[in-house]
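Scroll down for the structure; my scribbles are underneath it.
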Amino acid sequence: MKKLLVICLTLFISGFLNAQEVTKVKSKAKQESTAIKKEAKTAKKEIKVEASKTATQAKKETKAKSQAVKKEVKIVNETATEKKANLKTKDKVTGSYKGKKVYTGPKGGRYYINSKGNKTYIDKK
C-alpha cells in the first residue's frame, strides 16, 4: 500500500512539475512571438518612411525638370515671337520695357511685342 501511495504521489508531483515547465515554455514562446511582431511592425514602418522619402525626392526632381523645360520653352517662344515681329515690322529698336524690346514706328509711336505676338503701345508721359 505504501508503494502504491508513493508511486501515485510521485506521478502527481512529476505531472505538476511537467505542467509548470509547459507553462514556462508557453510564456517564453509568447514573449518571443510578441518581440518578433514588434520587430516586424518597426521594419514595416521603416520601409514606409523610406518609400515616402524616395517618392518625395522623385517628385521634386520631376518638378525641377519640368520647370526647366517650361523656362526653355518660354525662351524659345519669346524669341520666335520677336523674330516674327521683326519680319512684320521694319521699325527701329530703341530700348526695353518690362524685359521686352521697344520699337519706334514711322510716326514716332513706341511699342513692344507681347507674348501673343501683338503690338502693345506704350503711353507717352
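The values are calculated or read from the model by the stated rules, or taken from the named source; none is laboratory data. Since we're looking at a predicted model, the values are computed, not measured. Positions of Cβ are backbone-derived with ideal geometry, glycine not excepted, and every protein chain shown enters the neighbour counts.
Every test in (1) surrounded by 10 or more Cβ atoms within 10 Å (Cβ to Cβ); (2) modelled with pLDDT of 75 or more; (3) over 30 Å from Asn114 (Cβ atoms) is passed by Ala19 save one, and that test is (2). Is one or more of the residues making up the range 25-39 over 38 Å from the mean Cα position of the chain (by Cα), surrounded by 10 or more Cβ atoms within 10 Å (Cβ to Cβ) and at pLDDT below 80? So far as the range 25-39 goes, yes, one or more of its residues are over 38 Å from the mean Cα position of the chain (by Cα), surrounded by 10 or more Cβ atoms within 10 Å (Cβ to Cβ) and at pLDDT below 80. Out of contact with any Cys (no Cβ under 8 Å at 6 or more places or on another chain), at pLDDT 75 or above and farther than 30 Å from Lys124 by Cα: does that describe Lys100? When the stated conditions are applied, Lys100 does not pass them.
Assuming Gly117 fulfils every condition listed in (1) at pLDDT 85 or above; (2) touching a helix residue (DSSP H, G or I) at 6+ places or on another chain (Cβ under 7 Å) apart from one, which condition is it? For Gly117, the failing item is (1).
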